[in-house]
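Colleague: Quick one: the structure is below, and I'll ask about it shortly.
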Amino acid sequence: MQAIATNDLKVFISQRESRCDECGAELGRHAWITLQEGKGALCLSCADLDHLVFLPAGDTALTRRARKHSKLSAVVLKWSQARKRYERQGLLVEEKALQQAEQECAADQKAREAARARAAERRAELDEQYVAAFAQRIRELFPGCPAGRDAEIAAHACRKYSGRVGRSAAAKALDAAAVELAVIAHIRHTETGYDELLLGGWDRHEARSEVSADVDEVLQKWRTGGHNAGK
């Protein structure tokens, strides 16, 4: 098993009923959480990791390449009662990084088969009708959202990982405030230097404050239908 570096970002699969100590959401058993000193357990949404996708352990070359291409990544760990230790389950990485890694491994038949299996798993995580409705709601609230981003935001927000913005009851009701949270999270990660600040060791609250003006500017352009609102 690959060693876990002390400076790795870590996500734990809980073995008991869990609750996010920041937003107060009841996450249930087997929730995906981070543990931060002085702040307790955080859901992936509050930890700003909910835009990442899960790459299961098992393909060393693919994992290495995906991690290399992903600006932000986190090791997923689960407690083994038999071995009395945390064991690596896989890695959370940026979807574009995973796609690039899969392309680099495409010459290997075994890697291609694994990529197809992962794609099937990701499709299975999505309720297509719900995602389509969520994307439509984004277009209604943010007519300036660049083409294709609405579907990208909806797909990320609605995956069935505990803590994703789109899995809340308010989001399932297409509540405007809940949908806006998903849009803000996307803007923060894709339109600002937020991820670079996290990698530079910034506290996430301080990093959010640092990029808040940039987020607000893009959000307003998307809300009013302004041109050149995104990258």
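Colleague: Hey, among the residues in region 67-86 that are out of contact with any Ser or Thr (no Cβ under 8 Å at 6 or more places or on another chain) and small (Gly, Ala, Ser), which one's farthest from GLU113 (Cα to Cα)? Before the answer, list the steps.
Modeller: So the first thing to find is which residues in region 67-86 are out of contact with any Ser or Thr (no Cβ under 8 Å at 6 or more places or on another chain), and the list is 68-73, 75-85.
Remaining after also requiring small (Gly, Ala, Ser): 70, 73, 80, 82.
Numbers: SER70: 22, SER73: 23, SER80: 29, ALA82: 31 Å.
Once the filter is applied, the top-ranked residue is ALA82.
Colleague: In the list ALA147, ALA169, which residue meets the criterion of being more than 17 Å from VAL93 (Cα to Cα), of a type in the set (Gly, Ala, Ser) and modelled with pLDDT of 90 or more? Working first, answer last.
Modeller: Details: ALA169 fails: modelled with pLDDT of 90 or more.
Being more than 17 Å from VAL93 (Cα to Cα), of a type in the set (Gly, Ala, Ser) and modelled with pLDDT of 90 or more holds for just one of ALA147, ALA169, which is ALA147.
Colleague: So TYR130 ticks every box in (1) closer than 18 Å to CYS23 by Cβ; (2) part of a helix (DSSP H, G or I); (3) modelled with pLDDT under 85 but one. Which box is left unticked?
Modeller: Every listed condition holds for TYR130 apart from (1).
Colleague: Is it the case, given these coordinates, that LEU62 is over 17 Å from the mean Cα position of the chain (by Cα) and within 26 Å of THR190 (Cβ to Cβ)? Break it down stepwise before answering.
Modeller: Numbers: over 17 Å from the mean Cα position of the chain (by Cα): yes; within 26 Å of THR190 (Cβ to Cβ): yes.
When the stated conditions are applied, LEU62 passes them.
Colleague: Residue by residue through region 194-225, note down the ones that are assigned to a loop (DSSP other than H, G, I, E, B) and of a type in the set (A, V, I, L, M, F, W, C).
Modeller: Taking region 194-225 as the starting set, the residues that turn out to be assigned to a loop (DSSP other than H, G, I, E, B) are 200-203, 225.
Matches in region 194-225: TRP202 only.
Colleague: May I ask you to list pairs of residues, at least six apart or on different chains, whose Cβ atoms are under 9 Å apart, with the first in region 201-220 being outside the structural domain of LEU35 (by TED's automatic domain parsing) and the second being surrounded by fewer than 12 Cβ atoms within 10 Å (Cβ to Cβ) and not in a helix (DSSP H, G or I)?
Modeller: From residues that are outside the structural domain of LEU35 (by TED's automatic domain parsing), the pairs are ALA207/GLY200.
Colleague: With the requirement that a residue be in contact (Cβ under 8 Å) with a residue 60 or more places away in the chain and in contact with a strand residue (DSSP E or B) (Cβ under 6 Å, 6 or more places away or on another chain), what does region 64-87 give you?
Modeller: Hits for region 64-87 are SER73, ALA74, VAL75, VAL76, LEU77, LYS78, TRP79, TYR86, GLU87.
Colleague: Here's another thing I want to ask about it. Out of GLU87, GLU17, I need the residue that is farther than 27 Å from THR190 by Cα and modelled with pLDDT of 90 or more. Which one?
Modeller: Values: GLU17 fails: modelled with pLDDT of 90 or more.
Among GLU87, GLU17, only GLU87 is farther than 27 Å from THR190 by Cα and modelled with pLDDT of 90 or more.
Colleague: Another one. If you take the residues of region 20-57 that are more than 26 Å from ALA154 (Cα to Cα) and free of Cβ contacts under 8 Å to residues at least 12 places away in the same chain, which of them is farthest from the chain's Cα centre (by Cα)?
Modeller: Filtering region 20-57 for residues that are more than 26 Å from ALA154 (Cα to Cα) and free of Cβ contacts under 8 Å to residues at least 12 places away in the same chain, the one farthest from the chain's Cα centre (by Cα) comes out as GLY38.
Colleague: Run ILE33 past the list (1) modelled with pLDDT of 90 or more; (2) out of contact with any Cys (no Cβ under 7 Å at 6 or more places or on another chain); (3) within 25 Å of ASP195 (Cα to Cα) and report the number of the one that doesn't hold.
Modeller: Exception for ILE33: condition (2).
Colleague: Now, a different point. Quick one: is ARG85 surrounded by fewer than 13 Cβ atoms within 10 Å (Cβ to Cβ) and more than 16 Å from the chain's Cα centre (by Cα)? Explain how you work it out, then say what you get.
Modeller: Working: surrounded by fewer than 13 Cβ atoms within 10 Å (Cβ to Cβ): yes; more than 16 Å from the chain's Cα centre (by Cα): yes.
Considered against the rule, which asks whether it is surrounded by fewer than 13 Cβ atoms within 10 Å (Cβ to Cβ) and more than 16 Å from the chain's Cα centre (by Cα), ARG85 comes out as yes.
The values are calculated or read from the model by the stated rules, or taken from the named source; none is laboratory data. Keep in mind that this is a model prediction, so the values were computed, not measured. Ideal geometry is used to build each Cβ from the backbone, glycine not excepted, and the neighbour counts take in all protein chains shown.
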